[in-house]
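As structure tokens, the structure follows; a few thoughts come after it.
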Amino acid sequence: MVTHASLPQEQEQFDTALGPTNPPAEQRSFVDVLVDLAERKRLILQITAACGGVSLIVAVLLPPKYTASSTILPPQQNSSMASMLSSQLANLGGMAALAGSAAGLKNQNDMYVAMLKSRTVEDAMVQQFGLMQEYRAKRPSDARKALETVSKIDGSGKDGLIHISVLDRDPKRAAEMANGYIEQYRKLSEHLAITEASQRRLFFERQLEQAKDNLANAEEAMKRAQQQTGFIQLDSQARALIEAAATLRAQINAKEVQIHALETFATDQNAALVQAQKQLDALRQQLAKLGGSEDSSSENFIVPKGKVPEAGLEYMRKLRDVKYYETVFTIIARQFETAKLDEAKQGAVIQVVDAAVTPDRKSSPPRTLIVLGGTVLGLLVGSAIALLLTGLQRLRGNPESRCKLTSLRQAIFR
């Protein structure tokens, strides 16, 4: 018969037969972690204070830097030639629907920002302010890269303005560099504008000389026709038809001249060039409706011969040529004058909205943030070290863990 007193002994014998059992892993709560940190609070405070002191020294030793900013209004796209020609064609009578203004760039500011960031402008800035010595650069490319890191040029804002900011240790030099970008851009734009306008001026000058000679020859031919035939005046209907056809042919010729001028500096996808091609097609359609052609010679008439007196036939042809060359000469002469005015301009005019002034407050370094960041980092590092030391101490207190640590040490330093 088994008594109650014999149960513990049987249980002990049963546990001995099974062998030793592993104790359950120690469960640690958040409160235990806080207790471990509190036990080593002195170490944590020492590390935090050390990191805070180092960050304070760093914040004090860092040289202050200042940011100067300037704002400019970029110039409008120079389309004087295209707009002038369109107004000329519109004023010649009945062609207002065909005369449209040339389209501009989708985003003009991108082009001007790229010019401000160009190598030409940056090299001029490096030379003007001696930035190779200032940035201790061995090569001009290194000085340009250093300049790009302290400069910011942004034209993507909704206000349509271009903002230039420069960071430097000297507040006066920061303002001078921000304004220096504007000055160097002006010099670059002057060179580019004069080059492009000169090309257009030379092109129109040659066309004007040719148109002048053609007009003189046509006037001489009409004078001889008057002397030979004695014909002085046409009826109003025939004269109106002749003038309409001559005007259309002159417009077509002037539009072709404009297209050739655009092709000297524009690509096939240029908006102004595409618009001019469309206007040329429309003018040719108008001429076709009148029964003529821009290639019509003096023998091809839009007026039936039976409706024109035979004596005035030759005079009519010469008069049409005179009207045609008069219109061509007038349009090209005005384009030539416009090109001369563009050449005389001092580049694209930019308006300075806000010139850079000497900043009265530093922009960096943020000393308060540096000290706070270093202090917080020291607190985290100190807490991590405290928890690590507590864990190692607990491992050394466990005989089995101590044995494993000894084996690990021997394996490492063997």
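Observations on the model:
- For region 130-143, filtering for residues that are in a helix (DSSP H, G or I) and surrounded by fewer than 19 Cβ atoms within 10 Å (Cβ to Cβ) leaves 6.
- Answer from Phe231, Phe265 - the residue that is outside any helix (DSSP H, G or I), at pLDDT below 75 and either within 41 Å of the chain's Cα centre (by Cα) or of a type in the set (Val, Ile, Thr) (or both): Phe265
- Residue ID - surrounded by the most Cβ atoms within 10 Å (Cβ to Cβ), chosen from residues in region 249-279 that are among the polar types (S, T, N, Q) and touching a residue at least 12 places away in the same chain (Cβ under 8 Å): Gln251
Each row is one residue, and each column tells you yes or no for (1) among the β-branched types (Val, Ile, Thr); (2) in contact with a Lys or Arg (Cβ under 9 Å, 6 or more places away or on another chain); (3) surrounded by 15 or more Cβ atoms within 10 Å (Cβ to Cβ).
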{"residue": "Asp342", "(1), (2), (3)": "no, yes, yes"}
{"residue": "Thr358", "(1), (2), (3)": "yes, yes, no"}
{"residue": "Arg361", "(1), (2), (3)": "no, no, no"}
{"residue": "Arg367", "(1), (2), (3)": "no, no, yes"}
{"residue": "Val381", "(1), (2), (3)": "yes, no, yes"}
{"residue": "Leu388", "(1), (2), (3)": "no, no, no"}
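- Members of region 148-160 that are assigned to a helix (DSSP H, G or I), under 18 Å from the mean Cα position of the chain (by Cα) and of a type outside the set (S, T, N, Q): Glu148
- Region 57-75, residues that are over 18 Å from Pro365 (Cα atoms), hydrophobic (A, V, I, L, M, F, W, C) and modelled with pLDDT of 90 or more: Ile72
- Every pair of residues 6+ apart whose Cβ atoms lie under 7 Å, when the first sits in region 107-136 and is among the basic types (Lys, Arg) while the second is not in a helix (DSSP H, G or I): Lys117/Ile153
- Answer from Leu369, Leu392 - the residue that is outside the structural domain of Asp170 (by TED's automatic domain parsing) and within 46 Å of the chain's Cα centre (by Cα): Leu369
- Taken as a whole, the structure places Glu190 among residues that are closer than 30 Å to Leu262 by Cα and touching a Gly at 6+ places or on another chain (Cβ under 8 Å).
- Enumeration of residues in region 338-362 that are over 26 Å from the mean Cα position of the chain (by Cα) and modelled with pLDDT under 85: Thr338, Ala339, Lys340, Leu341, Ala344
The values are calculated or read from the model by the stated rules, or taken from the named source; none is laboratory data. Please read these numbers as outputs of a predicted model, since none were measured by experiment. Methodologically, a virtual Cβ is constructed for each residue, glycine included, from the backbone with ideal geometry; neighbour enumeration extends over all protein chains shown.
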